[in-house]
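Structure first, then comments.
The values are calculated or read from the model by the stated rules, or taken from the named source; none is laboratory data. What you are looking at is a predicted structure, and each value in this text was computed from that prediction instead of being measured. Cβ sites come from the backbone with ideal geometry, for glycine too, and all protein chains shown count toward neighbours. Note: areas computed on protein heavy atoms with side chains; ligands, DNA, RNA excluded. Shrake-Rupley method; radii C 1.70, N 1.55, O 1.52, S 1.80 Å.
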Amino acid sequence: LPSPIPTTPPSPLPSSLPSPIPTTPPSPLPSSLPSPIPTPVPTPVPTSVPTTPVPTNSPTGPCASGTYLDSITSECVDCAIGRYSNNSAGAPWVTACSLCPAGRYNTVTGQGNCEKCEAGKLSYSDGTNCGDCPAGTYAYNEASCELCQSGTYAPQALEDACLDCSEGFNTGVQEGATTCTSCDGGTYSEGRAVNCSTCSAGSYSGSSSSSCTDCDAGKQSDHGASYCDSCAGGTFSAAGSRNCSFCPAGSSSSSGMASCEACDSGKFSNKGSSACHKCDGGTWSNVSAEACSDCEAGRWSATGAGGCTICDAGKSSEPRASSCDSCAGGSYAPTGSRNCSSCAAGTFSSSGASLCVSCDTGRYSEAASSACTKCDGGTWSNMSASNCSACPGGTFSSSGSAACTRCDSGKFSEPASSACTKCDGGTWSDDASSGCTDCVAGKSSGTGASECTICYNGTFSSAGASSCVACAAGKSSSAGAPACTKCAVGKVSSAGSKACDDCNTGEYQPNRGESSCLLCVRLGQGQTSSKGSSGCNICRRGFYDAASSNATLELNVTRRDPIVCNACPDGTSCTEEGITIDTMKINEGYYRFNKLSDQIYPCLKAEHNCVGGVGSRCKTGSLGPTCAFCEPEYYLDATDAACVECDQVKSNDSINALIVVLVLAGLAG
């Protein structure tokens, strides 16, 4: 077997390629490529590597992969570095280890296979290590180092192929490039480029660009531009333009515009203008105007107007006016006027009026007046008046009145009065009066009365009185009385009474014109009076007038005054006032012999025969003094103490005689 490790390292630049690298490129490579020259590959110098195989300690027998069977010793021996064996198929055993193939290596003895070299590296001829290809090359078929082709590069040796140069980059050399460089702004590349191309006018590119971009509308550029310049104000351009053009008159543009904009109405511009200018006040223009025109008289315009505006009514203007002037008060103007006209008398106008207005009623004006003046109080006017008229007597007006107003009833006025005056108390007036009339006696009035008021009951007045006076106590009056009348006897009154009142029962008044009644009790016990009496002429309850009878009272017989009243005796009932001896009521069970007697007797034995009453009546079937006798066909029932009708007609003369005796005896006793 050849020695796995050369005894002397090769020179840094060998005159011939080592054995793992073929001297001629294989067929896939073009014949025009230069012969690959690997970079100096250092010869591996293993440390303390024995020159002879080292037998394993395994016993004689089957050999494992990574060993071989020594034909002399019949022992399994480890493969040297750079070599390998595969005994996985069994006997016969490998008797020699194989050299690692190109592109593979191992650095440890006793290996069953070889390791692959890293990308861009080739194996040494003895298979003990791998070496680098130079930058700008690649390892071809694990056998040779080849230069990178046009538009490719290798910053370090690669395996099988170099890297393509990306879009926007270039190698700068035809072959063997180690790096790609970015294209500068204004240039470009489409990939695998040796050099970058220059952008044409009207386009641009940034660094590392794969193509050039047309300039946007409103911009421009020259050859090889890395950016586009915006068109200056007053110029414009289409997309991809080399130069910008001037805007025509009547249009404008700001910087970077694709086209020029027509000037709006009310503006104008010269050629190449970056902005349109507003027309001055008093001038105007249409769209795309190169100059502005003057407004006519009666019209105006503000700055930048697209037309002239006609002056409103109430205003006027001269030519080229930037505003219309308002008409002064007292003048007017229709729309579009150059001058204002004065108002006629009876009319007026405030400033800026389109016409003159007639003065309202109650006002007047002279010519060219800016306002109408109110008529003074006591005067009036119609519409459109140049002066005011005075009000007649009985009427009035306040300032600014359209007519005179009639004075209300209770008031009066003289001619040209601004107000009506109230009538004084005690006088009156109808409406529209120029004076007031006195009230008659029995009537009165306050201030401002439309009529006199009749005096109430209990009051009176003289002529021209402003109020009615209350009657004094002891007097009275009816409504409308010119004086008060004294009260009659038996009557009295308080102050302001419409009539005199009767004295109450038990009171009397003998005099006229008195305010209070006198009490009968002060005259003596039992005396009283009827209502409205001038004296105490009857007896009160429980008493009777012994000297008078009802007949004398009814005949209006002259009475003594005051009278003397006696207490009613037992057996009588005096429950009313004014009882006389003949009106005194006898109780049941009592008896008197006549109506003028004040002697009252109890009915003994036959008390129920005495019925009583004003007279001395006996019960039916009884008769005689104290009703003690029974009439024929009646008999005295001792139990009832009354005469009772007999069942059979009998003569009871003897019994009646006995009863009379007994009654008389009782009365005597």
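Approximating the spin labels as points 7 Å out from Cα along Cα→Cβ, the residue 371-to-residue 293 distance works out to 4.5 nm.
Could you tell me the convex hull volume per residue, in Å³, taken over the Cα atoms of the stretch 296-395? Walk me through the intermediate numbers first.
On the way: hull volume 7.2 nm³, N = 100.
Hull volume normalised by residue count: 72 Å³.
Note that the stretch 67-217 shows a convex hull volume over its alpha carbon atoms of 106 Å³ per residue.
Counting only heavy atoms of the protein chains, get the accessible area per residue of the chain (1.4 Å probe) and round it to a whole Å² value.
Working: 35580 Å² over 669 residues.
For the chain, the solvent-accessible area averages 53 Å² per residue.
With semi-axes defined as the square roots of five times the eigenvalues of the C-alpha gyration tensor, the equivalent ellipsoid of the stretch 424-506 measures 33, 8, 8 Å, largest first. Computed over every Cα-Cα pair of the chain and binned at 10 Å starting from 0, the pair-distance distribution P(r) comes out as 3, 7, 7, 6, 5, 5, 5, 5, 5, 4, 4, 4, 4, 5, 5, 5, 5, 5, 5, 4, 2, 0, 0 percent. Annotated for the stretch 343-497: lysine pairs at least 8 residues apart or interchain, Cα distance under 28 Å, count 10.
Could you size up the charge dipole of the stretch 259-351 around its Cα centre, putting +1 on the beta carbon of Lys and Arg and -1 on that of Asp and Glu, and report it in debye to the nearest 20? List each step's numbers first, then the result.
Numbers: 7 positive and 9 negative charges, 12 e Å.
Dipole of the stretch 259-351, to the nearest 20 debye: 60 debye.
The charge dipole of the chain, taken about its Cα centre with unit charges on the Cβ atoms of Lys, Arg (+1), Asp and Glu (-1) only, comes to about 3020 debye. The phi-based Karplus calculation (6.51 cos²θ - 1.76 cosθ + 1.60; θ = phi - 60°) puts the 3J(HN,Hα) values of the stretch 600-607 at 10, 10, x, 8, 8, 6, 10, 5 Hz, whole numbers, x for Gly and Pro.
Taking each pair of different alpha-carbon atoms in the stretch 111-200 once, compute 1/r for the pair, average those values, and report the inverse of that mean as the Kirkwood hydrodynamic radius in Å to one decimal. Before the final figure, lay out each step's value.
On the way: mean 1/r = 0.0713 Å⁻¹.
With all distinct Cα pairs of the stretch 111-200 included, I get 14.0 Å.
Residues whose amide H comes within less than 5 Å of that of residue 298, counting only those at least five positions distant or on another chain, are 317, 318 (H built at 1.01 Å from N in the peptide plane).
Which value does Rg/Rh take for the stretch 141-299 over its C-alpha atoms, Rh per Kirkwood? Can you show the working numbers first?
Details: Rg = 27.2 Å, Rh = 19.1 Å.
My calculation puts Rg/Rh at 1.42.
Placing one equal scatterer on every Cα of the stretch 176-264 and applying the Debye formula, the log10 ratio I(q)/I(0) at q = 0.21, 0.25 Å⁻¹ is -0.85, -1.03.
Kindly rank 307-314, 121-128 from highest to lowest mean number of other beta carbons found within 10 Å of each residue. Spell out each step's value before the answer.
Values: 307-314: 18.1, 121-128: 25.0.
Answer by packing, highest mean first, reads 121-128, 307-314.
Calculated [222 nm] ellipticity per residue, helices only, for the chain: -1000 deg cm²/dmol; basis is -39500 (n - 2.57) per DSSP H run with n ≥ 4, divided by all residues, nearest 500. Evaluating 6.51 cos²θ - 1.76 cosθ + 1.60 at θ = phi - 60° for every residue in the stretch 371-387, the Karplus couplings come out as 7, 8, 9, 5, 5, 5, x, x, 10, 7, 7, 8, 4, 6, 7, 9, 7 Hz, glycine and proline recorded as x. What you get for the stretch 453-603, charging only the Cβ of Lys and Arg (+1) and of Asp and Glu (-1), is a dipole of about 440 debye around the Cα centre. Candidates 224, 433, 591 compared by Cα position along the dipole of the chain: farthest toward the positive end lies 591, with charges placed on Cβ.
Which percent of the accessible area of the stretch 369-452 is formed by carbon and sulfur heavy atoms (probe 1.4 angstrom)?
Details: 1860 of 4220 Å².
For the stretch 369-452, the apolar C and S fraction of the accessible surface comes to 44 percent.
Evaluating 6.51 cos²θ - 1.76 cosθ + 1.60 at θ = phi - 60° for every residue in the stretch 100-111, the Karplus couplings come out as 4, x, 4, x, 10, 7, 8, 10, 10, 6, x, 9 Hz, glycine and proline recorded as x.
Counting only DSSP beta bridges with both residues in the chain, the antiparallel share comes to about 90 percent.
Could you work out the local net charge near residue 448, counting Lys and Arg as +1, Asp and Glu as -1, over the other residues with Cβ closer than 10 Å to its Cβ?
Working: positive: 411, 422; negative: 408, 424.
So the surrounding residues net to 0.
Look at where the Cα atoms of the stretch 504-526 and of the stretch 88-106 average out, and the two centres are 179 Å apart.
What percent does the relative contact order of the chain come to when contacts are Cα pairs within less than 8 Å and at least six residues apart? Spell out each step's value before the answer.
Details: 2154 pairs, mean separation 24.0, N = 669.
It comes to 4 percent, rounded to a whole number.
For the stretch 557-624 versus the stretch 385-464, the inter-centroid distance based on Cα atoms is 77 Å. Summarising the amide proton neighbourhood of residue 398: residues at separation of 5 or more, or on other chains, whose placed amide H is nearer than 5 Å comprise 378.
Considering only 574, 381, 147, and ranking their Cα positions along the charge dipole of the chain that arises from unit charges at the beta-carbon of Lys, Arg, Asp and Glu, the one farthest toward the positive end is 574.
Projecting the Cα atoms of 137, 356, 301 onto the charge dipole of the chain (Cβ charges, centred on the Cα centre) puts 356 farthest toward the positive pole.
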